[in-house]
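Student: Quick one: the structure is below, and I'll ask about it shortly.
The values are calculated or read from the model by the stated rules, or taken from the named source; none is laboratory data. Quick caveat: nothing in here was measured; it's all calculated off a predicted structure. Cβ placement follows ideal geometry from the backbone for every residue including glycine, while neighbour counts extend to all protein chains displayed. Note: accessible area is taken over every heavy atom of the protein model, side chains too, but ligands, DNA and RNA are not part of it. Shrake-Rupley method; radii C 1.70, N 1.55, O 1.52, S 1.80 Å.
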Amino acid sequence: MGIAKLADLIRTNAPDAISHKDISDYTGKIIALDASIIINQFRAASPMLSPLTGLLFRTLTLLEHDIKPVFVFDGKPPVEKKALLKKRAEAGGWSVNHTGIASSLTNECVKLLKCLGVPVVQAPGDAEALCAQLVKWGTVDVVASEDMDTLPFGAKTLIRQLNAKKDSDVIEYSLPKLLEKLQITQSEFVDLCILLGCDYCGKIAGFGPKRALTLIQQHRSIEEVVLHINRQTHPIPHSWKYKEARKIFLEELETEAPELCWTEPDEEALVGFLCHVKHIREDRIRRRMERFRETVKGMREKREKERVAEHGRQTRLEDFFRVTRKRSHMNVTDAANSSSINRKKPKTN
């Protein structure tokens, strides 16, 4: 779920925080992706098929755009989120995992990504929290996730709808612009998100986005909001764990920044795993990998031509300035000599 109706609130109250872009606008960028979101998208779209094929094609598309993806996997979820995860799993028809131990599907996805030469990072808890932390560290440029709770976790830039479609309209959210427009701090924004409804606690009934924003802008914290509302019409949830939720969003993770490394895809390892183990058609994988190699080759050739052309322009400019400096030096020297020759000797008595 993420944050209920946060996207609607931003569109209405801070439209300047939203940009519509193309996937090519992220060429050369390092993007952290919430792996569980992507996997569950493919599971929901094609319940009878393995999500591995979709993950393969999505990753190759990013690499073809010279995007460096980093896939972040969930660790052990916070206690506050277990009830919600169970409900989601039941709705999706798959088993829930509260242990933090990787499932068989997760292990298969990790193996696939390693065959593609793409780094995989294990989060200590929720993946979106680590994704946001990677942005704050400067390890990655942006986070790609459909869950809006990456923003209260502190990710400066969130992008949604980063998929393989050529005509895809990527939506980018800027956290600094959002806070500036709403005239609230990050901690006040977290309280706003809790009032809207998050994954870690219940919410006060009857608050829509407009009402929740107005209350935070006026009173600046949940504690003050509670003092100024009618508890008959807006009852406070029993054992409301909003403080625990606030702590989850605002607390820095006790983990170190990972070292990231990308390598060339290993096609034979991919075929061995996907075709010989998972029984996906080999001709389909081979054709996709051939197209990938051709695309990357063309991209590298284009980049090399641009580099050579740029080097040629720089060389000609350097030659021009070198001649200019030489002439300038000669002129100064000649002027000095001329001045010396023409200088009159002082008269002696």
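Student: Within the set of pairs 6 or more residues apart or between chains, which connect a residue that is under 17 Å from residue 145 (Cβ atoms) inside the range 7-25 to a residue that is in a helix (DSSP H, G or I) and not aliphatic (A, V, I, L, M) with Cβ atoms less than 8 Å apart?
Tutor: 17/177; 17/181; 18/11; 23/61
Student: For residue 136, work out the one condition from (1) open to solvent by 60 Å² or more (accessible area, probe 1.4 Å); (2) under 15 Å from residue 7 (Cα atoms) it doesn't fulfil.
Tutor: Failed condition: (2).
Student: Just one of the numbered conditions (1) surrounded by 17 or more Cβ atoms within 10 Å (Cβ to Cβ); (2) touching a residue at least 40 places away in the same chain (Cβ under 8 Å) is not true of residue 215; which one?
Tutor: (2) is the only condition that residue 215 fails.
Student: Out of 203, 247, 278, I need the residue that is without any contact (Cβ under 8 Å) to a residue 12 or more places away in the chain, of a type outside the set (Phe, Trp, Tyr) and open to solvent by 30 Å² or more (accessible area, probe 1.4 Å). Which one?
Tutor: Of the residues listed, the single one that is without any contact (Cβ under 8 Å) to a residue 12 or more places away in the chain, of a type outside the set (Phe, Trp, Tyr) and open to solvent by 30 Å² or more (accessible area, probe 1.4 Å) is 247.
Student: OK, next. Which of the residues that make up the range 139-155 are more than 16 Å from residue 20 (Cα to Cα), within 11 Å of the chain's Cα centre (by Cα) and surrounded by fewer than 24 Cβ atoms within 10 Å (Cβ to Cβ)?
Tutor: Answer for the range 139-155, where residues must be more than 16 Å from residue 20 (Cα to Cα), within 11 Å of the chain's Cα centre (by Cα) and surrounded by fewer than 24 Cβ atoms within 10 Å (Cβ to Cβ): 139, 141.
Student: Would you mention how many residues in the range 145-184 are within 23 Å of residue 247 (Cα to Cα), in contact with a strand residue (DSSP E or B) (Cβ under 8 Å, 6 or more places away or on another chain) and of a type in the set (A, V, I, L, M)?
Tutor: Residues flagged as within 23 Å of residue 247 (Cα to Cα), in contact with a strand residue (DSSP E or B) (Cβ under 8 Å, 6 or more places away or on another chain) and of a type in the set (A, V, I, L, M) within the range 145-184 amount to 5.
Every residue, every condition in (1) closer than 25 Å to residue 12 by Cα; (2) in contact (Cβ under 8 Å) with a residue 12 or more places away in the chain, yes or no:
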residue	(1), (2)
188	yes, yes
192	yes, yes
219	yes, no
234	yes, yes
242	no, yes
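Student: Still on this model: For the range 126-167, give me each residue that is touching a helix residue (DSSP H, G or I) at 6+ places or on another chain (Cβ under 8 Å), outside any strand (DSSP E or B) and among the hydroxyl-bearing types (Ser, Thr, Tyr).
Tutor: 145, 150 - these are the residues of the range 126-167 that are touching a helix residue (DSSP H, G or I) at 6+ places or on another chain (Cβ under 8 Å), outside any strand (DSSP E or B) and among the hydroxyl-bearing types (Ser, Thr, Tyr).
Student: Do you know which of the residues in the range 258-275 that are surrounded by fewer than 13 Cβ atoms within 10 Å (Cβ to Cβ) and in contact (Cβ under 8 Å) with a residue 24 or more places away in the chain is farthest from residue 49 (Cα to Cα)?
Tutor: 261
Student: Something else: Can you tell me how many residues in the range 25-69 are surrounded by 20 or more Cβ atoms within 10 Å (Cβ to Cβ) and of a type in the set (S, T, N, Q)?
Tutor: Qualifying residue count, the range 25-69: 3.
Student: Which of the residues spanning the range 151-168 are modelled with pLDDT under 95 and in contact with a Leu (Cβ under 9 Å, 6 or more places away or on another chain)?
Tutor: 162, 164, 168
Student: Restricting to the range 101-125, name every residue that is surrounded by fewer than 21 Cβ atoms within 10 Å (Cβ to Cβ), part of a loop (DSSP other than H, G, I, E, B) and modelled with pLDDT of 95 or more.
Tutor: 117, 119
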